[in-house]
Amino acid sequence: MAERFTPLPDAPIGVFDSGLGGLTAVRELRRILPGENIVYFGDTGRVPYGSRSTDTIVHYAKQDIAFLLEQKVKFIMAACGTVSSTLPAEYTDALPVAYTGVVESAARAAADATRTGRIGVIGTQATIRSQSYAAHIRSLLPDAEITATACPLFVPLVENGYFGADNTVTRLVAQDYLKEVQAAQVDTLILGCTHYPLIAPIIAQIMGPGVTLIDPGRCTALAAKAALEKAGLLRSGTDGAARYFVSDTPDSFARLSEWFLGEYSGGSVTRISVEGYPAD
């Protein structure tokens, strides 16, 4: 574990994910905190995390965090539902800087939004297997009725460009995946993976106007703002920039970043290896 240090307002926010889906959280950070600098690491060489064992996910996440700490970040965001559902609190609580994952923030937003107490969660296999969303929601709403469904095909569909609102393939897959949460008559649905906001229009059309969709990236960006403000670490201005690092070839980054970042696309991208970083 890295030694504690005193973070400064000008230090960057560190964000990581198993791939590039976490860029949707970076987009929200840049909208909400335009003055902040961001260092993003996407572990594209070892993606996906969602189908890995718990031990492997924790090992990878610790290496990702070690890299971000080397960049002297002031705050770490796990923009990955799988990591947020798996990494032990005793580890994250001992980090030298504040840390947040996407699960707790999204669970709180869902608890605030529901009218009936019937909440749906969709995510990777590891996220759903962990039951982390259910645990956080029930800590806020003990009587909540939670329906959770794994949607393993959504990530590869998004990363291959199958996310247009009229995409027939993704719509058919989504119709099948969402049958259970529809049958449960949920009024709130957590998009429990940072890739999923790109197909939110399809999901919204299938679920109908009576269902509120919760975007964990946005919820967590708002939580980061509150935490930094409380700690006196907000950086003022609107000139924040982002630097991007990946563990596999950056060739596809330009295309994918346009999809995930929208108007905030662009910025340097560097290939690195985190294999040698500590995972203790």
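THR127 fails exactly one of the following numbered conditions: (1) farther than 18 Å from ASP215 by Cα; (2) under 17 Å from the mean Cα position of the chain (by Cα). What is the number of that condition?
(1)
Of (1) open to solvent by 10 Å² or more (accessible area, probe 1.4 Å); (2) modelled with pLDDT under 95, GLY22 satisfies all except one. Which?
(1)
Quick one: which helices (runs of 4 or more DSSP H) lie wholly within the range 68-147 and hold at least 2 residues that are farther than 28 Å from LEU33 by Cα and touching a residue at least 60 places away in the same chain (Cβ under 8 Å)?
125-130
Could you figure out which of (1) outside any loop (DSSP other than H, G, I, E, B); (2) open to solvent by 70 Å² or more (accessible area, probe 1.4 Å); (3) not β-branched (Val, Ile, Thr) isn't true of ALA223?
(2)
For the range 109-134, give me the residue count where each residue is modelled with pLDDT of 95 or more and open to solvent by 40 Å² or more (accessible area, probe 1.4 Å).
Qualifying residue count for the region: 4.
Sort out which residues of the range 149-173 are free of Cβ contacts under 8 Å to residues at least 40 places away in the same chain, closer than 22 Å to SER130 by Cα and either open to solvent by less than 50 Å² (accessible area, probe 1.4 Å) or of a type in the set (S, T, N, Q) (or both), and write them in order of number.
THR149, ALA150 - these are the residues of the range 149-173 that are free of Cβ contacts under 8 Å to residues at least 40 places away in the same chain, closer than 22 Å to SER130 by Cα and either open to solvent by less than 50 Å² (accessible area, probe 1.4 Å) or of a type in the set (S, T, N, Q) (or both).
Are any residues in the range 188-205 crowded, with 17+ Cβ neighbours inside 10 Å and over 21 Å from VAL103 (Cα atoms), and if so, which ones?
Selection gives ILE202 alone.
When the range 28-83 is examined, which residues are found to be at pLDDT 95 or above, among the small types (Gly, Ala, Ser) and open to solvent by 10 Å² or more (accessible area, probe 1.4 Å)?
ALA66
The values are calculated or read from the model by the stated rules, or taken from the named source; none is laboratory data. This structure is a prediction, so every number in the text was calculated from the model and none was measured. Counting neighbours? That spans all protein chains shown, and the Cβs are built from the backbone with ideal geometry, glycine included. Side chains are part of the model used for accessible areas, which takes the heavy atoms of the whole protein and leaves out ligands, DNA and RNA. Shrake-Rupley method; radii C 1.70, N 1.55, O 1.52, S 1.80 Å.
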